[in-house]
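The values are calculated or read from the model by the stated rules, or taken from the named source; none is laboratory data. These figures come from a predicted structure and were not determined experimentally. As a convention, Cβ positions derive from the backbone with ideal geometry for all residues, glycine included, and neighbour counts pool all protein chains shown. The accessibility values were calculated without ligands, DNA or RNA, using every heavy atom of the protein model including side chains. Shrake-Rupley method; radii C 1.70, N 1.55, O 1.52, S 1.80 Å.
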2 protein chains.
Amino acid sequence: MEEGTSESPSHRESTVDHGGADPFQWDTREDCQVRQILDRIADKWSLLVIALLDNRRLRFTELRREIDGVSQRMLTVTLRSLERDGLVKRTVHPVVPPRVEYELTSLGRTLHTTIQSLVTWTEAHQKEIAAARTAYDTRAARAAEATTP
Amino acid sequence: MEEGTSESPSHRESTVDHGGADPFQWDTREDCQVRQILDRIADKWSLLVIALLDNRRLRFTELRREIDGVSQRMLTVTLRSLERDGLVKRTVHPVVPPRVEYELTSLGRTLHTTIQSLVTWTEAHQKEIAAARTAYDTRAARAAEATTP
DNA sequence: CTGTATCCTTCTCGATACTG
DNA sequence: CAGTATCGAGAAGGATACAG
């Protein structure tokens, strides 16, 4: 597998070294911890997997069917990453044909809860964002039309 | 500019159409609203910009200096996206040389607040995640060594 | 100073084929 | 059923040059 490991090829230590006493200081470095988590939950499929696994155990094919559009490859890669991070538990039943089930770990469930606040924010503000986009695009269009009348 | 517009080339309406009464139903579609917001804050630089702009007005060059590693191009692209979404306000002072200042909008500040819960979660669980990764990698290494002794 | 335009490299992801 | 392996298209992002 050529990806999915994301074993930070960085030259710097990943451990945060806040200079002061600030409990939560944003990290301007590229290998920031928050960025790593965000990259995980914001990639194309992880969010959906975490959502669908909420309080359920699902088989590979069930996930694949529910997600609609995910390739076999990407579902595998996504699940491996989530498993590696301890967010998803993978259970292989030694039967034939193989039966593999996925479920959130307790850590995964706490992340799910946290993500909900983001979902809530999005639900609450999507109108504003849509409006801002429209306004911006309208202004941009008018500016372009002023340059080329 | 070949990017940054992200004018959803989707064939479907973006407005959410939950079938039932669930206040927050996850959307399995690709053009899900939450995904759009996540893509914004999880791209390589937006999170840092939002973080640095917290309660401050900064000039282009000041942002560039503070972010460390961002290219001129990507800072511009990032700021334009954030501005388009109504998260950042751009103020041009008609002087020469030009002076442009950026600050969070009130919408941007609420997003900043929301993101903090994710930062908090990350701070609280980064040890667990690191441990999970180590454990997974160790298991994987042992498995590989068992196949090729 | 604050951008925009272009080129070019790197990475991601999907399609496809094959396996235990 | 649940993957793994390989390949290629396209997007993202950095370097560089130029402009108002």
Residue list for the stretch A:72-85, restricted to those being open to solvent by less than 70 Å² (accessible area, probe 1.4 Å) and either modelled with pLDDT under 95 or within 11 Å of DNA strand D (Cβ to nearest atom) (or both): A:MET74, A:LEU75, A:THR76, A:VAL77, A:THR78, A:LEU79, A:ARG80, A:GLU83
Looking at (1) open to solvent by 10 Å² or more (accessible area, probe 1.4 Å); (2) at the interface with chain B (Cβ under 8 Å from one of its Cβ atoms); (3) under 16 Å from the mean Cα position of the chain (by Cα), which is the only condition A:LEU111 fails? (1)
Identify all residues within the stretch B:86-116 that are in contact with a helix residue (DSSP H, G or I) (Cβ under 6 Å, 6 or more places away or on another chain) and either farther than 22 Å from A:ALA131 by Cα or within 15 Å of DNA strand D (Cβ to nearest atom) (or both); write none if there are none. B:ARG90, B:VAL100
Need pairs with beta-carbon distance below 8 Å; first residue within 14 Å of DNA strand C (Cβ to nearest atom) and within the stretch B:49-61, second among the basic types (Lys, Arg); sequence gap 6+ or separate chains. B:ARG59/B:ARG99
Regarding the stretch A:118-128, can at least one residue be identified that is on the phi < 0 side of the Ramachandran plot and touching a strand residue (DSSP E or B) at 6+ places or on another chain (Cβ under 7 Å)? no
Could you grab me the full set of residues in the stretch B:72-83 that are closer than 14 Å to B:ILE50 by Cβ and more than 7 Å from DNA strand C (Cβ to nearest atom)? B:LEU75, B:THR78, B:SER81, B:LEU82, B:GLU83
Which of the residues spanning the stretch A:42-66 are facing chain B (nearest Cβ under 7 Å) and buried (at least 18 other Cβ atoms within 10 Å of the Cβ)? A:ALA42, A:LEU47, A:LEU48, A:ALA51
